[in-house]
Structures are given as C-alpha cells and as structure tokens.
Amino acid sequence: MTRRRRTAVCVVALAATLGLSTGEAAAAATVMRTKSAAAAAAPPEHRNADQDEARNEGGSPVGRWETQQRPQLLQAFREHVYGRPLPHPDAVTYDVTDLGATGDGAAGQKVVIAVTGPAGTARFTLRLFTPAGREVRGTFLLIDHRSAVDDTGSTSDYAPISQIVGAGYALAALDAGEVAPDDPGRFRDGVIGAFHHPDAELPDNAGRTIAAWAWAASRALDYLHTDDATAVGVDPGRVAVIGHSRGGKAALWAGAQDTRFPVVVSNNSGAGGAKPADTGRGESLDALTSAFPHWFPPVYRAYADRTDTLPIDQDQLLSLVAPGRLVVASATDDATADPQGEHAAYTAAERAWALYQLPGTGLPNTAWPPATDRPYRGPGMSYHLRTGSHGLTTDDWRFYLDGDLFRW
C-alpha cells in the first residue's frame, strides 16, 4: 500500500509577505525548506577574506570570471543557443506517493510536481529510488527523455536501478516527456504552456524543449531540498544532474545555469551539448535543427549555414560548470555525436577550473584518442571514452558510480 501526502510552496504569497520579486521569493522558498547539506559535498571555493574582496570588486581572475565573463557567457548562450528560460513558477505543489520497497533493493517515491504560471498549471513526474536501509552516498538526477523509469523502477542499462542503489546511490528520474513532449507539434503542451498562452506565438528567443527539460531539472532539485526527500536520505548538496544524448544537452544547460548542482554529467550529448558547433564531423548544426526543430529556438537555427559567426561555442558551455565537477563521456563508434569533438571541448574547458586552482583534466595530454574503457579524473573534471556505440550503458554507470564524483 502506498502513502500519499501533499506539500505546497506558494511563491506569490511568499513574495507578498516578504516584499520580494517572484524570482527572489522562489529562491527564498527553497532556502526556507532546505536542510543544510554536508560541507564536503560542495565544490571548493578556495577563497579567503582578501579573495572575497577581490571577487566582489572583480579584481582577480576568479572575480572577473564570476562577476563579468560568466554572466556574459550565460546571457550569450540564452540569446544565441538555448533561448530564454522559463521564469520561476508562481506556485509549486508536490504530490508525494510512497511506492514502498522495490524488487531491486530500493525504496521508491513518486512525486508529481505541479507548477503554476500566468497561463495555467502543468504537472510532471519525478521518481526517486533510494537504497533501502543504507546511507545515500549521492543522488543522480536523470533527465529521462525515454520515459524509461516507471513506478516499479527500471532494469534497463540506461537506468539500472539495482546497480545504482547497490553502489549506495539514489536515482531520481525526471520524466522529460511530461515536462515537454519530444514532438515538434506538441512540445508546448507541458510546462511551456503554463507560461506562454497556447493561442500566442512563442517568441523566437524563448527556450524550447531542451531549455524546458533543463528548467524542470532545477524544479526537481527544489524538491530534493525538501524534508520529504531528505527524510529518505537525500543530501541536496550531493546531486548530480545527468543526461544521455538529447538529455545530456539539457543536463549541461541545467548545470550551467543552476550552480546548486555540484556535479554535471554529459553522456554522448553531441551537437548542442559537448560537441563544438563546427568540427566538420558528426551531426551539423543544420542537421540538428532541421531534424529536431523543437529542441532549440529559431535564433540557433539561424546559424545553421554560418556557424563560424556564432559568438560562443560548446567548450565555453562546459566551462560554466566550474568549479563544480564536469563529467564528459563519449563512445568510440558514436560518429554522430563526434567523440573527438567532445574530447576537444572537454580539454579546452579546463582553463575555467584552473581559475579555481583545480587544474587538470585527468588525461595525460590533449592527444586524440585517449585510451578507451578507463576513467580519467582531474581535480574538478572527469572523462571516459567507452568502446562501442551511442548509448548510456552499465559500463558508463560503473565509471560514474566508482568515480568518486562528489569529492574534490
């Protein structure tokens, strides 16, 4: 038998009470319902009083990065690639059902998250599986674009719950298809429809499916900060956002925007993810935006035949994760995703971690290809190149689970 309970956070009411904007109130609501995370889970900041002053004044390399360059890069990716994100919802509710023990050694929760915007309310599901009777070492928040995880869990290589909980970790699976259907004719039917009236034209610079999935990952993280989640062992300071392929694009964008994620995992994310826009290999920007016009806004499609004029590239997206841990995984036979290009972007992004005194990619050098089927771990970056084709496999999960990703 399941137990059901309902919790709500009314952001509008909180804003009125505290005299804040809706966005400020949403952030405050998260803090108010959050238990303290373990200090060891947060990325190191390498700061002292002098560094704090320099940061605040933008007088140090880190200060200039955090106060000038990073915000400018974020804005550029919003303007030219992913589109404007959805705002914080006016209200959020969590309808939580305890699923009890599963056959794979996990205890489950089903959470229906309802978000309300000016055009209505949308609902999507987060399923949380924690190791029964064991301490949770960390949580992997999977942007599940395949809707592969249901109330009974999953036995697929893509989301092997028994392997994950057996290693002492939790899996939180976000049903991306409910957030924004992966369909050019229906992608507005989820959360986008709560903020943009269906009868109105969607602005060219508004985020589409990838941006909506990334936004929903942050709303799922909001839930993982609540008492209902921490009561079953989740430490909100030890949550890795992970996605494969199109889900990997969304995971990178989520981690770039939301610095509460201490770990960001891109698995075979390819074009629009870890792959640079113009390598001459793999899926081109033209092919990507033609085949999947609902993933990115028209402003990105406009660069299809002139990628050399894009003012930013994907190594800069990866750098936005710093000083959190970035994990990039590729596969040798995944020609569409261009593993060589992903590797080049990964190594180029290292300069951001060097600012935080976390230099090094873990790789012996920048030569392509590195040795396959082994993990590489630097102070703030991790990488592996798996033998085989496009996919999220139990071998990939083994590298993630054994990778000590929440330690710097």
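Observations, loosely collected:
- Counting only strands (runs of 3 or more DSSP E) that sit wholly inside segment 57-169, those with at least 1 residues that are in contact with a strand residue (DSSP E or B) (Cβ under 9 Å, 6 or more places away or on another chain), in contact (Cβ under 8 Å) with a residue 24 or more places away in the chain and surrounded by fewer than 20 Cβ atoms within 10 Å (Cβ to Cβ) are 91-101, 106-117, 120-131.
- Flag for L326 being modelled with pLDDT of 95 or more, in contact with a Gly (Cβ under 9 Å, 6 or more places away or on another chain) and part of a strand (DSSP E or B): yes
- Hits in segment 170-205 (condition: of a type in the set (G, A, S) and not in a loop (DSSP other than H, G, I, E, B)): A170, A172, A173, A176, G177, G193, A194
- Of all positions in segment 328-350, at least one carries a residue that is open to solvent by less than 10 Å² (accessible area, probe 1.4 Å) and aromatic (F, W, Y).
- Residue within segment 277-288 that is at pLDDT 95 or above, within 24 Å of R407 (Cα to Cα), part of a helix (DSSP H, G or I) and touching a Ser or Thr at 6+ places or on another chain (Cβ under 7 Å) present: no
- Those residues of segment 214-226 which are under 17 Å from A114 (Cβ atoms) and out of contact with any Ser or Thr (no Cβ under 8 Å at 6 or more places or on another chain), in sequence order: W215, A216, A217, S218, R219, A220, L221, Y223
- Looking across segment 170-180, the residues that are touching a Gly at 6+ places or on another chain (Cβ under 9 Å) and open to solvent by 10 Å² or more (accessible area, probe 1.4 Å) come down to G177, E178.
Table: residues versus (1) out of contact with any Leu (no Cβ under 8 Å at 6 or more places or on another chain); (2) among the small types (G, A, S); (3) within 28 Å of Y300 (Cβ to Cβ); (4) without any contact (Cβ under 8 Å) to a residue 24 or more places away in the chain.
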| site | (1), (2), (3), (4) |
| --- | --- |
| P311 | yes, no, yes, no |
| D333 | yes, no, yes, no |
| A344 | yes, yes, yes, no |
| T347 | no, no, yes, yes |
| T361 | yes, no, yes, yes |
| P364 | yes, no, no, yes |
| R374 | yes, no, no, yes |
| D402 | yes, no, no, no |
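- Matching residues, segment 373-408, being open to solvent by 60 Å² or more (accessible area, probe 1.4 Å) and among the hydroxyl-bearing types (S, T, Y): T387, S389
- Among (1) touching a His at 6+ places or on another chain (Cβ under 6 Å); (2) over 28 Å from T116 (Cβ atoms), the one test that R208 misses: (2)
- Residue in segment 83-93 that is touching a Cys at 6+ places or on another chain (Cβ under 7 Å) and either within 24 Å of Q316 (Cβ to Cβ) or at pLDDT 95 or above (or both) present: yes
The values are calculated or read from the model by the stated rules, or taken from the named source; none is laboratory data. All values derive from a computational prediction rather than experimental measurement. Cβ coordinates were reconstructed from backbone atoms using ideal geometry, including for glycine residues, and neighbour counts include every protein chain displayed. The area values use the complete protein model at the heavy-atom level, side chains included, leaving out ligands, DNA and RNA. Shrake-Rupley method; radii C 1.70, N 1.55, O 1.52, S 1.80 Å.
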